[in-house]
Amino acid sequence: MKILIIILTILLSTKYVSSNTLFDTSVYDVNFVSNYIENTKIIKINEIKKSSLLTILKKTLYYEKYEELLPILSKDLINSFIKNVIINDEKIIGDKYFSKIKINFDKKKIIEFYREKKISYVEYHPEKFLLIIYDENELSENLFTKNNNFYSYYKKNIKANGLYKIPNLDINDRYILKKEHIKNKDYNKILEFSKKYELDEIIVVIAKSSNNITNYEFNLFFQGEIIEKKFSLNKNDYQIFF
């Protein structure tokens with residue numbers, strides 16, 4: 001029984017840490033030259049407040065809901081979510097100002113706002129998704145190749161998209177999982193492929209591009225179930241896709 005309690009404590013603590021990570025904010029290095037240092041400092045802090053909150057919204061909301069909230073983010077609303085403002089290493093030398101500023105938000109108040117507005121949100125992300133993308137256009141079909149535009153974009157922007165694990169794109173990948181398995185949603189083959197990367201949560205995307213539009217067929221494979229969704233975006237709009 002004691003061992004069970006310890007295991008549950010570890011699991012719950014891990015989830016709590018992951019949850020808080022989405023609501024955490026960064027420290028900003030602030031330095032400027034001004035004849036009105038206090039006024040400029042207030043302006044900079046307000047900019048950091050908004051930027052920090054936008055980061056939280058991006059991490060916890062669907063893109064559509066994030067866009068809907070942008071017009072109503074008034075200064076008063078942003079301030080209502082703030083727990084405290086921390087200013088460290090502050091120095092004023094003549095008309096030069098230096099400091100490190102961090103805005104901490106009250107997670108509970110943000111979640112209460114989401115619920116009041118009936119906005120869907122996430123409190124934590126799984127550690128990693130295995131992301132398989134079948135990239136198809138008028139001229140070519142790319143699965144585990146370097147010509148796959150999605151994988152190329154991901155590799156260049158991996159720091160912003162660390163939620164996903166992409167395949168190695170090697171010969172072994174192409175041997176285990178083929179285009180036909182993706183098209184037919186062959187769960188057994190996809191599960192066999194995921195064992196290579198030791199991940200249980202698998203996202204499979206079929207992206208068909210034509211003219212200036214890409215149509216997506218999105219499938220989440222988890223514990224024998226498949227969750228499906230279809231949507232469209234402007235062609236090459238990889239940032240919104242990820």
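The values are calculated or read from the model by the stated rules, or taken from the named source; none is laboratory data. Predicted model only: the values in this text are computed from it and were never measured. With ideal geometry, Cβ positions are generated from the backbone for all residues, glycine too; neighbour counts draw on all protein chains shown.
Answer with yes or no whether ILE182 is outside the structural domain of ASP237 (by TED's automatic domain parsing) and touching a helix residue (DSSP H, G or I) at 6+ places or on another chain (Cβ under 9 Å). So ILE182 does not fit the description; no. List the residue pairs whose Cβ atoms are under 6 Å apart, where the first residue sits in the range 214-228 and is in contact (Cβ under 8 Å) with a residue 12 or more places away in the chain, the second is in a loop (DSSP other than H, G, I, E, B) and not basic (Lys, Arg), and the two are 6 or more positions apart or on different chains. Final answer for the pair search is PHE222/GLU201. For the residues SER74, SER18, SER13, the requirement of being surrounded by fewer than 13 Cβ atoms within 10 Å (Cβ to Cβ), over 13 Å from ILE110 (Cα atoms), among the small types (Gly, Ala, Ser) and at pLDDT below 90 singles out SER13.
For the range 196-235, name all the residues that are surrounded by 13 or more Cβ atoms within 10 Å (Cβ to Cβ) and either out of contact with any strand residue (DSSP E or B) (no Cβ under 6 Å at 6 or more places or on another chain) or outside the structural domain of ILE133 (by TED's automatic domain parsing) (or both). Listed by number, the residues that qualify are LYS196, ASP200, SER209, PHE222. Within the bounds of the range 150-170, is there any residue that is under 22 Å from TYR63 (Cβ atoms), at pLDDT below 90 and part of a strand (DSSP E or B)? Yes - at least one qualifying residue is present in the range 150-170.
Report every pair of residues separated by at least 6 positions or lying on different chains whose Cβ atoms are under 7 Å apart, first residue within the range 69-92 and of a type in the set (Lys, Arg), second not in a strand (DSSP E or B). From residues that are of a type in the set (Lys, Arg), the pairs are LYS75/ASN46; LYS83/ASP106. For the range 202-242, the set of residues classified as among the basic types (Lys, Arg) and not in a strand (DSSP E or B) consists of LYS235 only.
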